Amino acid sequence: GAATATATGAMGAARAERLFGQARLMVADKSRRLLEGERWAEEQESRRLRELGTALTTAVDIDALTGALSRHLPYIGVNGCRLVLYEDGAAPFRAGRA
């Protein structure tokens, strides 16, 4: 009777504690994987920005500049832009679209 119920209750409590322990481990593992994923995404974005910066600083003419922009901007979430060049404060003399 009572001894069996107590033993059954103790086994149920032990089982529940094991399940809670497993749940805690699963949550900790998922949190770790989410943080790793976020870190990876940040590293990828940083790499893309460095590549864009390198491409922009090495561009020697308008075609190279617009090419670099059109190649790199979509990877950082920019679908397009307009580049307008002014000569000594004058009106724009040439516009390129990337």
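The values are calculated or read from the model by the stated rules, or taken from the named source; none is laboratory data. Because the structure is a prediction, the values reported are computed rather than measured. Cβ sites come from the backbone with ideal geometry, for glycine too, and all protein chains shown count toward neighbours.
Look at Ala13 and say whether it is at pLDDT below 95, farther than 30 Å from Val84 by Cβ, part of a helix (DSSP H, G or I) and among the hydrophobic types (A, V, I, L, M, F, W, C). Outline the logic, then answer.
Values: at pLDDT below 95: yes; farther than 30 Å from Val84 by Cβ: yes; part of a helix (DSSP H, G or I): yes; among the hydrophobic types (A, V, I, L, M, F, W, C): yes.
In short, yes.
Being of a type outside the set (S, T, N, Q), loosely packed, with under 10 Cβ neighbours inside 10 Å, outside any helix (DSSP H, G or I) and without any contact (Cβ under 8 Å) to a residue 60 or more places away in the chain, is that true of even one residue in the stretch 55-75?
yes
Answer yes or no as to whether Arg97 is modelled with pLDDT under 80, among the basic types (Lys, Arg) and surrounded by fewer than 13 Cβ atoms within 10 Å (Cβ to Cβ).
Yes, satisfied.
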